[in-house]
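Data first, discussion second: the structure below is written as structure tokens.
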Amino acid sequence: MAARKNRGADSLPESWKEKIKAAAIIDRLNACIDGTAELSAVQVNAARILLGKVAPDLSRSDSNVKFSGKATLIIKPSGE
């Protein structure tokens, strides 16, 4: 069996690092909502700002749509 190489955190692509950071922020906010963690207003605002840098803001998405029968909405992350 081939040995695994320990490449460290520097080997991850930037897009993965951003997704991991966003997931950690979302987990912390969910813990606050569930009551298992306390966040100050400053921490919540900082989380909102950081998420805005790594996650798409759906309020700024293009919504030029014409309906003529059935419609299917597909939402993809901006990095794909």
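In the P(r) worked out for segment 13-55, what percent of Cα pairs fall beyond 13 Å?
Working: 476 of 903 pairs.
Everything past 13 Å amounts to 53 percent.
Near the amide H of residue 12, under 5 Å away, which other amide H atoms are found, from residues 5 or more places off or on another chain, if H is placed in the peptide plane?
none
Along the Cα→Cβ direction, 7 angstrom out, place labels at residue 46 and residue 20. What is the inter-label distance in nm?
About 2.0 nm separates the two model spin labels.
Every number in this text was worked out from the coordinates using simple rules, so none of it is lab data. Just so it is clear, the model here is predicted, and its values are computed rather than measured. Reconstructed Cβ throughout: ideal geometry from the backbone, glycine too, with neighbour counts over all protein chains shown.
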